[in-house]
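Below is one structure, written out as structure tokens; comments come after it.
The values are calculated or read from the model by the stated rules, or taken from the named source; none is laboratory data. Please read all numbers here as calculations on a predicted model, not as lab measurements. Here the Cβ positions follow ideal geometry from the backbone for every residue, glycine too, while neighbour counts run over all protein chains shown. These area figures cover heavy atoms from the full protein model, side chains too; ligands, DNA and RNA do not enter into them. Shrake-Rupley method; radii C 1.70, N 1.55, O 1.52, S 1.80 Å.
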Amino acid sequence: MPASGRYRLPGIKAPLAGTTALAVLIGAWFAAEGVRGADAMEAPPRIAAKAPARSAPAPAIPALAPSQPLGIRIPAIGVQTMLVGLDVLPDGTLDAPSPLTPQLAGWYQQGTTPGAAGTALAVGHYDSATGPAIFYNLSQLGPGHTIEVDRADGTTAIFTVDSVELHDGSAFPDTKVYGTTGRPELRVITCGGTYLPGPPGVAGGYQGNTVVYAHLSGVR
């Protein structure tokens with residue numbers, strides 16, 4: 001398992017930044033969240049995160065110019081936090097916000113910026129040694145919910161959720177999650193599935209990932 005609070009992304013292909021390409025991150029994601037076997041968080045109960053009524057898909061809106069994201073809000077589950085830039089480490093893992101700050105989220109800063117052409121990537125912890133973390137309720141989202149990303153250029157990119165899926169780490173759909181679709185999209189990822197404790201002195205980890213698929217639907 002990777003070091004506590006990091007995500008494993010082996011076999012990374014050459015990262016490309018900007019508006020024309022997404023860093024295609026190949027490999028399963030596992031997260032060691034700093035909890036021990038019996039302390040792993042149970043799946044959250046369903047909360048009142050009712051999605052708006054489904055309507056006909058809105059036309060795609062133009063991609064925004066690249067601009068660094070500053071923060072993310074997900075009103076339906078009460079998420080509001082800063083976004084810190086994350087890089088891939090020499091061992092092939094994507095760094096994560098510090099386990100000491102489990103209420104922060106991060107974004108892959110060598111890839112697409114949220115709202116620009118391509119698929120942007122945001123990650124955050126599911127739980128921590130002290131309890132639920134920033135994306136504990138991520139699986140409660142559904143189609144029609146919105147995600148807002150404040151950007152350094154003063155704009156807010158608004159994304160609408162298309163689907164939420166739990167992917168087993170042994171069969172992670174790299175192309176589906178990371179590939180470009182021809183419109184500005186966002187993936188928000190945390191760990192999920194079964195928690196397996198590690199051997200003595202080694203952090204355990206969840207064996208899957210919850211992935212939110214969303215597309216750019218507005219800007220203000």
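Might you let me know whether the stretch 187-196 holds any residue that is modelled with pLDDT under 85 and either farther than 18 Å from TYR136 by Cβ or surrounded by fewer than 15 Cβ atoms within 10 Å (Cβ to Cβ) (or both)?
Checking the stretch 187-196: at least one residue is modelled with pLDDT under 85 and either farther than 18 Å from TYR136 by Cβ or surrounded by fewer than 15 Cβ atoms within 10 Å (Cβ to Cβ) (or both).
Given the criteria part of a loop (DSSP other than H, G, I, E, B) and of a type in the set (A, V, I, L, M, F, W, C), does ALA157 qualify?
On the way: part of a loop (DSSP other than H, G, I, E, B): no; of a type in the set (A, V, I, L, M, F, W, C): yes.
No.
Just the residues that are in a loop (DSSP other than H, G, I, E, B), among the small types (Gly, Ala, Ser) and surrounded by 24 or more Cβ atoms within 10 Å (Cβ to Cβ), please, taken from the stretch 117-153. Steps first, answer last, please.
Within the stretch 117-153, the subset in a loop (DSSP other than H, G, I, E, B) is 117-118, 125-126, 129-130, 133-137, 141-145, 152-153.
Keeping just the survivors that are among the small types (Gly, Ala, Ser) gives 117-118, 129, 133, 142, 144, 152.
Selection gives GLY118, ALA133.
Looking at the stretch 93-107, which of the residues that are open to solvent by 10 Å² or more (accessible area, probe 1.4 Å) and of a type in the set (Ser, Thr, Tyr) is modelled with the lowest pLDDT?
SER98
Kindly establish whether GLY111 is under 22 Å from SER217 (Cα atoms), out of contact with any Phe, Trp or Tyr (no Cβ under 6 Å at 6 or more places or on another chain) and crowded, with 16+ Cβ neighbours inside 10 Å.
yes
Based on this model, can you work out whether GLN103 counts as within 15 Å of CYS191 (Cα to Cα) and in a loop (DSSP other than H, G, I, E, B)?
Values: within 15 Å of CYS191 (Cα to Cα): yes; in a loop (DSSP other than H, G, I, E, B): yes.
So GLN103 fits the description; yes.
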